[in-house]
Amino acid sequence: MITFRPLDLDSDAEVEMLHRWVTHPKAAFWLMQGCDVAEVREEYRRIERHPHHEAFLGLVDGTPAFLAERYDPRYVELVGLYEPEDGDVGMHFLCAPTDTPVHGFTRAVITAVLAWIFSDPDALRVVVEPDVRNTAVQALNAAVGFRVVGPIAKPEKQALLSVCTWHDFQAATSALPRLGATS
C-alpha cells in the first residue's frame with residue numbers, strides 16, 4: 001500500500017535519509033549533489049513555508065520509499081515559462097536509491113503520485129519539467145500519459161515541458177476512478 005505524508009523536517013534521521021536520496025549519484029537531475037544535510041533541510045523548510053509548494057514522503061507498506069512534490073506552476077518553477085491553465089499542478093518525484101531495484105517500481109510510484117494528485121477534483125492537468133537529458137524519466141512520463149509540449153529554458157537547466165490530463169493518465173494506465181490516494 002502506497003501512502004503519502006508531509007516530511008518531518010524536525011527529525012534528524014528523516015532529513016539525513018532525504019539527504020542521502022537527493023545527493024545520491026542516481027539523483028543527479030535533482031540538482032542537489034553538493035548539498036550538505038543543513039542545506040537539504042533548509043531547502044525543504046523553504047518548500048514547507050511556501051504557500052504554493054509542498055513536499056511529501058511516499059511510503060510503501062509504511063516504509064519510506066520516495067519523495068513527491070506538488071506545486072502551483074503559476075507561482076513556482078514555471079513562472080513566465082509557459083501559459084498555465086486552470087487546474088494545472090506541477091509535480092516532481094524521486095524514488096529512493098537502492099542496491100536491489102524492483103522491476104516496475106518507479107512506474108508504480110509515478111502512477112501512485114499521479115493518482116494522488118488527480119484525487120483532488122481541482123487538479124485537471126499535471127505539468128512536469130524534467131531535464132532534456134533525462135530520457136529515462138521522459139519515457140516513463142510518456143508511459144503514464146504525459147504529452148510533450150516542448151523545451152523550455154529554466155535558470156538551472158534546459159527542460160522538456162510535458163503535461164498529462166486525467167483522461168490521458170487513465171487511458172495510459174487504465175487507472176481507477178479518482179479515488180484512493182491516501183495522504
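If you check A55 against the conditions, is it among the hydrophobic types (A, V, I, L, M, F, W, C) and either within 13 Å of the chain's Cα centre (by Cα) or crowded, with 16+ Cβ neighbours inside 10 Å (or both)? Yes; evaluated as a whole, the condition is true for this residue.
Can you work out which of the residues in region 112-125 that are farther than 22 Å from M1 by Cβ and surrounded by 15 or more Cβ atoms within 10 Å (Cβ to Cβ) is farthest from the chain's Cα centre (by Cα)? Only one residue fits best here, namely L124. Residues that are hydrophobic (A, V, I, L, M, F, W, C) and closer than 17 Å to L31 by Cα within region 114-151 comprise V128, V132, A136, V137, listed in sequence order. Whenever a residue of region 129-144 is more than 19 Å from V89 (Cβ to Cβ), its partners that are of a type in the set (F, W, Y) and surrounded by fewer than 18 Cβ atoms within 10 Å (Cβ to Cβ), lying with C-beta atoms within less than 7 angstrom and at least six residues away or across chains, give the pairs D131/F29; N134/F29. Count of region 3-27 residues, restricted to those that are of a type in the set (A, V, I, L, M, F, W, C) and open to solvent by 50 Å² or more (accessible area, probe 1.4 Å), is 1. On the basis of being open to solvent by less than 40 Å² (accessible area, probe 1.4 Å), in a strand (DSSP E or B), in contact with a Pro (Cβ under 8 Å, 6 or more places away or on another chain) and touching a residue at least 12 places away in the same chain (Cβ under 8 Å), does A65 make the cut? Taking the combined requirement at face value, the residue does not satisfy it.
The values are calculated or read from the model by the stated rules, or taken from the named source; none is laboratory data. This structure is a prediction, so every number in the text was calculated from the model and none was measured. Cβ: placed from backbone, ideal geometry, glycine included. Neighbour counts: every protein chain shown. Each accessible area value is taken on the protein alone, full model and side chains, heavy atoms only, with ligands, DNA and RNA left out. Shrake-Rupley method; radii C 1.70, N 1.55, O 1.52, S 1.80 Å.
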